[in-house]
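Only one structure is covered here, and it is reproduced in the block below.
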Amino acid sequence: MTAAAEKLDDVRKVRVPLGDRAYDVLIGPGLLGRSVSLISERLGAARCAVVTDRNVASFHLATLEAALNEGGRHVGSIVLPPGEKTKSFRELEPLCERLLEFGLERGDLVVALGGGVIGDLAGFAAAILRRGVRFVQIPTSLLAQVDSSVGGKTGIDTPQGKNLIGAFHQPGLVLADTDTLKTLPERELRAGYAEVAKYGLLGDAPFFAWLEKSYPGIFALEHGPLINAVETSVRAKAGIVGRDETEQGERALLNLGHTFGHAYEAWCGYSDRLLHGEAIAIGMCQAFRFSASLGHCDEAAAERVAAHFAAVGLPTRIAQIPGDKPDIETLMRLMAQDKKVRHGQLTFILVRGIGEAFVAHGVPAETARAFLATETAV
């Protein structure tokens, strides 16, 4: 199975190929105001409950509610606190209760309007509500548009680690309205860019080379470069998800940099001290340096990746994390909670070069510990 993409007027469409659960990712401007017709065409005349956060609500909720009300579909909206800490049991329970109070049935829709936090939390609530309610992703951050809204991973964080409680629950539709990125803070845009670059680094060297030249247009939200970056990223992820939905093999490559990065997020308490994309940028640079130290790739590739992330304003080393630095044993404990751990053995996504990622099982703990010692010393 492969992901199909086509152009519909000013909208790009990427199909996530999952048989009878296949769905479209639509990418382009102005989708929020057209949401009722786009949802109806694909999912029928369903009742919709919106889940969002305060920051996104202040910019975009009125537009979505107006569209849903015009179609007679809106049953209510739930506005949650912004930030990674919202992905928790504390917020999940009242969210599920509110959705039940709206009278949502299995044929209705939970509509996740927001970034990765809202998409993950609302998607998980939909997965467990009545043992599975349909949902739609309307991602409003670059990170969510290119990564977390596609593929059906939903979940919450715990003190032990990120996304350790969750479920695979595919959306019925993803509407990536690129106009919503105009209200995104610059720091959030840069953090999301790390996930765009990831697709070049793990399997598409020409795309990474294009990003090295074209990133100013992406950050300026120029239509051509932005649409190309989002569509290319989504197409890459859709293809991988279609071949390996539940991460039994190839999908693990999407975790390039995440074993390190998730540990740093947990260390920082899932706070604004370190955004997800910033943590993953550091983690990907470390994945290249770790690979070089093990003889899998040359140091020039690691230096090239770090130089690009530095050029766009992303951190590349642990020393750039504000505040106190984690000790090695704390990091090892946090990495041991990684979902790719098998029989107590660490698994890393390593590289043979730019665009050539692979899964490395059974990396000895002492090898990772020695590498971290060199990283924390800088």
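Each value in this text was obtained by applying a stated rule to the coordinates, not by laboratory testing. All values reported here derive from a predicted model rather than from experimental measurement. Cβ coordinates were reconstructed from backbone atoms using ideal geometry, including for glycine residues, and neighbour counts include every protein chain displayed.
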Taking the Cα centre of each part, how many Å lie between segment 201-280 and segment 296-322?
15 Å
Any of Lys13/Lys85; Lys85/Lys213; Lys85/Lys325; Lys13/Lys87 with alpha carbons more than 25 Å apart? Name them for me.
Lys13/Lys85; Lys85/Lys213; Lys13/Lys87
On a 0 to 90 degree scale, rounded to 10, what angle separates helix 205-219 from the longest Cα axis of the chain?
60 degrees
Based on Cβ point charges of +1 for Lys and Arg and -1 for Asp and Glu, what charge dipole magnitude is obtained for the chain about its Cα centre, in debye rounded to the nearest 20?
500 debye
Contact order relative to length for segment 5-183, counting C-alpha pairs under 8 Å separated by 6 or more residues, stands in percent at 24 percent
Over the chain, relative contact order from alpha-carbon pairs under 8 Å, at least 6 apart, %:
15 percent
Relative to the longest principal Cα axis of the chain, at what angle does helix 116-128 sit, 0 to 90 degrees, rounded to 10?
60 degrees
All alpha-carbon distances of segment 86-171, grouped into 10 Å bins from 0, give the whole-percent distribution 20, 55, 24, 1
As a Kirkwood estimate from alpha-carbon pairs, segment 5-183 has a hydrodynamic radius in angstrom of 15.9 Å
If packing is taken as the average count of other Cβ atoms within 10 Å, what order do 187-196, 265-274 fall into, highest mean first?
187-196, 265-274
Using +1 on the beta carbon of Lys and Arg, -1 on that of Asp and Glu, and nothing else charged, what's the dipole of segment 1-158 about the Cα centre, debye to 20?
260 debye
For segment 257-378, with the dipole built from +1 on Lys and Arg beta-carbon atoms and -1 on Asp and Glu ones, taken about the Cα centre, which of Cys268, Phe288, Ala365 lies farthest toward the positive end?
Ala365
Cut-off is 10 Å between beta-carbons; in what order do Lys325, Lys213 appear when sorted fewest neighbours first?
Lys213, Lys325
Lys/Arg +1, Asp/Glu -1 at C-beta; the chain dipole; positive extreme among Thr330, Leu38, Gly353
Leu38
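Compactness ratio of segment 209-272: Cα Rg over 2.2 N^0.38 Å, N = residue count?
The reported ratio for this selection is 1.43.
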Which of the trypsin sites (Lys or Arg not before Pro) found in segment 323-378 are loop residues per DSSP with 14 or fewer other Cβ atoms within 10 Å of their Cβ?
Arg352
Relative to the longest principal axis of the C-alpha atoms of the chain, give the angle of the C-alpha long axis of helix 89-101, reported between 0 and 90° and rounded to the nearest 10°.
20 degrees
Using the crude model of +1 on Lys and Arg Cβ and -1 on Asp and Glu Cβ, and no other charge, please compute the dipole size for segment 267-378 relative to its Cα centre, in debye to 20.
240 debye
Based on other C-beta atoms within 10 Å, arrange Thr232, Thr180 from fewest to most.
Thr232, Thr180
Where labels lie 7 Å past Cα in the beta-carbon direction, separation of Val359 and Glu70 in nm:
4.6 nm
What order do you get for Phe102, Phe135 when you list them from fewest to most C-beta neighbours inside 10 Å?
Phe102, Phe135
Which length gain, in nm to one decimal place, applies between Thr246 and Lys13 when the Cα-Cα distance is subtracted from 0.36 nm times their residue separation?
81.6 nm
Simple spin-label model, 7 Å along Cα-to-Cβ: Ala370 to Arg333 in nm?
2.5 nm
Please report the relative contact order for segment 140-285, taking Cα pairs under 8 Å with a sequence separation of at least 6, and give it as a percent rounded to a whole number.
27 percent
Signed unit charges on C-beta, dipole axis of the chain, positive-most listed residue Gly313, Thr63, Ile118
Ile118
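I'd like to know how segment 177-310 sits against the 2.2 N^0.38 Å rule of thumb: what's its Cα Rg over that expected value? Spell out each step's value before the answer.
Working: Rg = 15.0 Å, N = 134, 2.2 N^0.38 = 14.1 Å.
That ratio works out to 1.06.
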Gain on full stretching of the segment that runs from Ala45 to Glu97 - 0.36 nm per residue minus C-alpha separation:
16.4 nm
For segment 5-183, percent of DSSP beta bridges that are antiparallel (nearest 5) comes out at 40 percent
Largest-first ellipsoid semi-axes for the chain, taking √(5λ) over the Cα gyration tensor eigenvalues, angstrom:
33, 22, 19
